[in-house]
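What follows draws every value from the coordinates through simple rules; no lab data is involved. Owing to the predicted nature of the structure, the values given are computational and were not obtained by experimental measurement. When we count neighbours, we look across all protein chains shown, and the Cβ atoms used for this are built from the backbone with ideal geometry, even at glycine.
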Amino acid sequence: MASDIECAVSGIFAEPVDEFKDDGLGGLPPGWTQITVKRRQPNPKFYAIQNLKEAMFENMMAAALQQEIPEEAREMQRVAIQLQVEATMAALEAKTPLFLTSTEVLYIAPPATDPGIKEVVQFLNENLSSNSFADVSEDDEDEG
């Protein structure tokens, strides 16, 4: 049953249909709908690294300011500390993406299968700026 397709609305299961695998929907039974949700969100680890770099720089600068250094050398010291912090964190920062992405594939059984599914499909038709579900509802109404 692990390879079965489950309706995200009703929990109804269907077996994949092998003869339809060539159309890119991986055995999705006729009448079923596949929805792919892709999301990009900021990676909190990346921002934590940026905050850590800033804190390291501030701490090292505070320590450096306690030393008696001529004013003209301060800018060089600031640049040196900035480079040191960036070099220390470069490998970690390079392998930490700015964004995290996720993909989830959901399936919806034909609307005629269950009143709850029909209600969800009607909601999607009315509330999304898409006509993707229009044919499904119209076919269902014609049958009913």
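Are there any GluC sites (Glu not before Pro) in the range 68-127 that are in a DSSP loop and have at most 12 other Cβ atoms within 10 Å? List them by number.
On the way: sites: GLU68, GLU71, GLU72, GLU75, GLU86, GLU93, GLU104, GLU119, GLU126; in loops: GLU68.
Passing both the DSSP loop test and the Cβ count: GLU68.
Kindly provide the trypsin sites (Lys or Arg not before Pro) of the range 58-119 that DSSP labels as loop, not H, G, I, E or B, and whose Cβ sees at most 11 other Cβ atoms within 10 Å. Answer in residue order: LYS95. Amide H contacts for ILE35 (H built 1.01 Å from N in the peptide plane; partners 5 or more residues away or on another chain; cut-off under 5 Å): LEU106, TYR107, ILE108.
Within the range 44-94, the percentage of alpha carbon pairs spaced more than 14 angstrom apart rounds to 54%. Based on DSSP H segments of at least four residues, each scored -39500 (n - 2.57), the chain has a per-residue ellipticity at 222 nm of -16000 deg cm²/dmol. Counting only DSSP beta bridges with both residues in the chain, the antiparallel share comes to about 90 percent. Which log10 I(q)/I(0) values does the chain give at q = 0.12, 0.13, 0.16, 0.17 Å⁻¹ under the Debye formula, counting every alpha carbon as one identical point scatterer? Log-scaled intensity ratios, in q order: -0.67, -0.72, -0.92, -0.98.
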